[in-house]
1. For the range 1-32, give me each residue that is in contact with a strand residue (DSSP E or B) (Cβ under 8 Å, 6 or more places away or on another chain) and modelled with pLDDT under 85.
2. From the set of residues in the range 91-131 that are of a type in the set (D, E) and modelled with pLDDT of 90 or more, which is surrounded by the fewest Cβ atoms within 10 Å (Cβ to Cβ)?
3. For the range 399-457, give me the residue count where each residue is among the hydroxyl-bearing types (S, T, Y) and at pLDDT 85 or above.
4. Would you please list the contacts, defined by Cβ atoms under 6 Å and residues six or more apart or on different chains, that run from a residue in the range 3-15 that is closer than 17 Å to T286 by Cα to a residue that is modelled with pLDDT under 90 and loosely packed, with under 15 Cβ neighbours inside 10 Å?
5. Looking at A211, A226, A262, can you tell me which residue is hydrophobic (A, V, I, L, M, F, W, C), in a loop (DSSP other than H, G, I, E, B) and crowded, with 22+ Cβ neighbours inside 10 Å?
6. Considering only residues of the range 72-85 that are touching a Ser or Thr at 6+ places or on another chain (Cβ under 7 Å) and outside any loop (DSSP other than H, G, I, E, B), which is modelled with the highest pLDDT?
7. Determine the pairs where a residue that is at pLDDT below 85, located within the range 43-70, has a partner that is basic (K, R) with Cβ atoms under 7 Å apart, the partner being 6 or more residues away or on another chain.
8. Tell me yes or no: at least one residue of the range 288-297 is in contact (Cβ under 8 Å) with a residue 24 or more places away in the chain and farther than 23 Å from V378 by Cβ.
Amino acid sequence: MSRDMIYTIEDKPPWATSVVLGFQHYLTMFGSTVAIPYILKDALGASDQELAVLISTMFLVSGISTLLQTSFGSRLPIVQGGTFSFLGPAIAICTMAVIPEGSLPGEAFENRMQHVQGAIIIGAFFEMAIGFSGLMGRVLRFISPVAIAPTIALIGLALFKFGAPKVGEHWGIGGLTIVLLILFSQYLRRVHKVFDLFPILLGLLGAWVVAIMCTKIGWFGEDHPARVSFSAVEQAPWIAFPTPFQWGWPQFGVAAAVGMFAGYIASMIESTGDYFAAARMAQAPTPDAKTVNRGIGFEGIGCLIAGIFGTGNGTTSYSENIGAIGLTRVGSRRVIQAAAVLMICLAVFGKFGALFASFPSPLVGGMYCVMFGMIAGVGLSNLQFVDLNSPRNLFIIGFSIFMGISLPEYVGPNSKMILGLFHENVQWLGSIVTTIGSSGMAVGAFIALFLDNTIPGTDDERGITAMSRRH
């Protein structure tokens, strides 16, 4: 991809600049990271106080995992955070957990969390084995740009529900966010360096300030979707120190662990695509087998840490922050490491995190429209290596992208019916099918990989020769 990078992967910006750029990445991943505990709250039966600790724990684990990944894992400028692929299995585990009679609300929450923790810890060893054994890297020779393009593109495209539908809750604030992000990142980036370096930060803060003013004036009432409320800030504790096994000792169960494997499989596929996207964004060398193996192995370590601390989730590579690299043209590893340190330091300040949780939904949706669109474009840029006059390639690319968007729309609402097709002794298999079928990126990846490796085609036709030459 031809563009001028301000800072490439090995560049080391001044620490002050790195911290501010890192804070921008912190803001980018904040919405998704906070969303996961909120989604899990009802299933776990968590109180507001327990929710606050969960949010702090998520950021602490994300910071530690990001430092490990950028220093010893893939060493790509890639942020680690919670994964939506674990939500389905985690909620199912909460439903299956047997709560002793007479348990108090806090005890019921801890019991459910302990079962989820046990499944995540077992799955973490599964992911570490896949990565450090070299198994993930061995399959790379079967992955051509024909399969990479739809896989990466679907990371962004499959999240379309988090874009315009959220912006549409209030097009004024959501649309303003989109306009400001495009204005700062594309039109004004050559006017002043501040627009070049901090387009996301400026865009989000600009729209946030407008939303605050409209709230103060009284234009946005109590139930207005773009209203800015600081009630979470008032309720959040000043200091909260997450500790290992803070919810008690994990409960290990085979059924829960097998169900969680589906989330791990989807996460590993997504992360592999993210490695290629991050490297492409930062103009780093195309990831080889060793890079992918180390990355997956250290993601397993991150999930193990998440299981020990009890986030109710694991860790995976964050697509949102890869989009931020494309918009800011800053791919420095140091910047991501600065973001990781910020996550760890700010995790103990509950009120600081709650402040940014006040971003209204339309504003966050506007950010996703720009970010996820950028990721989709990065995925499609891999097609430059492919023979696009080949009917074979056009079919695989088009069919895998279409099914990656379409199939989850069927599987999601019909998951119970699909599970009912499986005998009670193989419900774990049904869980895997529904979890993968609900992930557009996983569906597209499986279809593209299967067709690309079974339909006859030459290395030149598939883009392997051109991609290897670039590497």
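The values are calculated or read from the model by the stated rules, or taken from the named source; none is laboratory data. Remember, predicted model here, so these are calculated numbers, not experimental data. Positions of Cβ are generated from backbone atoms using ideal geometry, with glycine treated the same way; all protein chains shown enter the neighbour counts.
1. The answer is M5, M29, S32.
2. By that ranking, first place goes to E110.
3. Within the range 399-457, residues that are among the hydroxyl-bearing types (S, T, Y) and at pLDDT 85 or above number 4.
4. That search, which allows pairs on different chains as well, returns nothing.
5. A226
6. Across the range 72-85, the extreme among qualifying residues is Q80.
7. L51/K41
8. Looking through the range 288-297, at least one residue is in contact (Cβ under 8 Å) with a residue 24 or more places away in the chain and farther than 23 Å from V378 by Cβ.
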